[in-house]
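Just below is one structure, and these are the notes that go with it.
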Amino acid sequence: MTIQDCIKFTNENPICYLATVEGDQPHVRALGFWFADETGFYFQTGASKEFYHQLKNNPKTEVCFYKNDKMNGSMLRIAGKVEFLNDSKLKEKVLEDRPFIKNFGFTAQSPDLIIFRIPHGQAHFWMMDNNFKPKQIIEF
């Protein structure tokens, strides 16, 4: 498997579970993933969200994507440090890709519209048929 496989998998299976930690307490929540390309795995949120503040305090995260395939589901886990991007072109793109965000009052100039990505890290796939084999880590 390659980083291209990871990009394809995440773009085709956009519901994911993102983990953060606050103190010694882990937190996991479901998110609607935005997109991935060769520069990273991209997300958007609002500055009022707790997980935004958790990631500001500790940018390490792990995200899990799952594809339900009846008896043989597959999963991709991505671990890395998030990078926050204050980029009006990316904000314009997210508002174009996800017009419902405008309903929350966000514009491309809104400081509370938060874009972040995981630009580097490690990923690995899990499938039932390789359940007991060593992980094949994909560095990106």
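The HN-Hα couplings worked out from phi for segment 124-133 by the Karplus form 6.51 cos²θ - 1.76 cosθ + 1.60 (θ = phi - 60°) are 7, 9, 10, 9, 4, 6, 10, 3, 9, 8 Hz, whole numbers, x standing for Gly and Pro.
Farthest toward the positive end of the dipole of the chain, out of Gln25, Gly46, Met1, is the Cα of Gln25, where the dipole comes from beta carbon charges about the Cα centre. Just list whichever of Lys8/Lys70; Lys8/Lys56; Lys56/Lys81; Lys8/Lys93; Lys49/Lys81; Lys56/Lys135 have alpha carbons separated by over 22 Å in the model shown. Pairs exceeding the cut-off: Lys8/Lys56; Lys56/Lys135. In whole percents, the pair-distance distribution calculated for the chain from its alpha-carbon pairs, binned every 5 Å from zero, is 2, 9, 19, 22, 20, 15, 8, 4, 2, 0.
Mind checking segment 20-73 for trypsin sites (Lys or Arg not before Pro) that DSSP puts in a loop (not H, G, I, E or B) and that have at most 10 other Cβ atoms within 10 Å? Those that pass, being in a loop and sparsely packed, are Lys70.
Taking the Cα centre of segment 1-132 as reference, the dipole from Cβ charges on Lys and Arg (+1) and Asp and Glu (-1) amounts to some 160 debye. Remark: segment 74-89, residue by residue, has Karplus-estimated 3J(HN,Hα) of 9, 9, 10, 10, 10, 10, x, 9, 6, 10, 8, 10, 9, 10, 5, 5 Hz, where x stands for each Gly or Pro and the curve is 6.51 cos²θ - 1.76 cosθ + 1.60 at θ = phi - 60°.
Values quoted throughout were computed directly from the atomic coordinates according to the rules given, and no laboratory measurement underlies them. Since the model is a prediction, treat every value here as computed from it, not as a measurement. Here Cβ is always computed from backbone atoms with ideal geometry, including for glycine, and neighbour counts include all displayed protein chains.
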